[in-house]
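Have a look at the structure below before the remarks.
Just so it is clear, none of the values below were taken in a lab; they were calculated from the coordinates. Just so you know, these numbers come straight off a predicted model, no measurement behind them. No Cβ is skipped: glycine too gets one built from the backbone with ideal geometry, and neighbour counts run over all protein chains shown.
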Amino acid sequence: MLSLVAVPLASATYVSIVEPFNHTINTQNSTVYLGKDGPGQTFYVTISAATTNSTGALNNLGWNQFVVSGLPQGWIAQNSALYTPTLSVKITPQATTSDGSYSFNLTAVNFGNYSKLGSLKFTAVVNVTPDVFKLNVTPITTYEGVGTPTDVYVSINNTGVSDSLFQVSLKGLPSYNITQSVIALHHTTERFTYPITLNEPGVYHVSIDVGSVASPLIFRQTNITIVTKASLLNDYHAIGSGVVAFPIVYEPVYAIMYLISLIFRH
């Protein structure tokens with residue numbers, strides 16, 4: 001088991017956080033607010049191994065490991081690897097974590113105090129809430145031909161600290177169950193294309209559903225309308241499939257119409 005030796009911290013020594021944002025810690029037992037995270041969503045805190053010693057000289061591998069302690073009950077963590085240029089801890093709140101602010105300890109360690117850095121311990125605070133992303137879907141009303149794909153654009157503004165995996169699906173059509181998995185990076189807005197193809201004419205009132213795989217509580221929904229109409233090209237293509245019946249005298253014309261449909265479809 002790792003033993004953290006309490007050694008006085010040199011005033012020039014610091015911990016440089018690089019993810020989920022840039023921040024510098026230079027005081028023992030200080031507190032940093034990380035931001036929002038959804039229940040069950042894994043997030044990372046990453047620091048640079050570089051720091052300075054008591055003389056102010058840069059030590060590129062001063063910190064040898066980054067360690068988590070004092071986690072809330074049911075949370076899971078993984079300490080960083082050893083002796084790497086950046087050191088990341090992996091933290092996953094319990095999927096049933098109630099809304100609220102939670103704190104735990106993070107410690108940058110210099111093994112054996114070989115670089116005379118000791119260790120720097122600070123408190124991290126994260127706010128657990130399902131409200132970690134905003135959803136925007138365009139267009140709200142779309143028009144398409146029967147059997148012709150139309151694109152709906154799904155924008156996910158991830159306001160949390162987790163690079164989260166989301167699933168995008170359409171609800172409201174019993175026979176349509178296509179689900180698309182996407183990753184939205186923390187503190188960014190990502191735009192994804194969700195193609196929809198319907199094979200019957202009509203006006204469909206459906207919803208685009210977006211949810212995190214980490215928890216069903218992290219969920220948003222937007223209602224859209226899809227208007228599907230038969231098109232001339234679709235009718236031409238139906239001729240080639242034997243759908244439309246006319247007297248035999250018109251067969252050469254039908255063949256030309258079918259060829260036109262193939263040209264415009266490919």
Calculate, for T222 and Y33, the FRET efficiency according to 1/(1 + (r/R0)^6) with r their C-beta to C-beta distance and R0 30 Å; round to the nearest 0.05.
0.50
Where in the range 101-116 does the label zone of H23 land, with the point 7 angstrom along Cα→C-beta and an amide N cut-off under 16 Å?
101-108
Per DSSP, loop trypsin sites (Lys or Arg not before Pro) in the range 116-207 with at most 15 further Cβ within 10 Å
K116
Around H186, which amide H atoms from residues at least 5 apart in sequence, or from another chain, sit under 5 Å from its own amide H, with H modelled in the peptide plane?
D163, S164
Pop a pseudo-label 7 angstrom from the Cα along the beta-carbon direction at both T189 and K229 and give the gap in nm to one decimal.
3.2
Considering the alpha-carbon set of the range 18-70 alone, what are its Rg and its Dmax in angstrom?
13.4, 43
Please rank S115, S98, fewest neighbouring Cβ atoms within 10 Å first, as an exposure proxy.
S98, S115
Any chance you could get the radius of gyration and Dmax over the Cα atoms of the range 115-224, in Å?
18.6, 74
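In what order do E190, E200 fall by count of nearby beta-carbon atoms within 10 Å, going from fewest to most?
E200, E190
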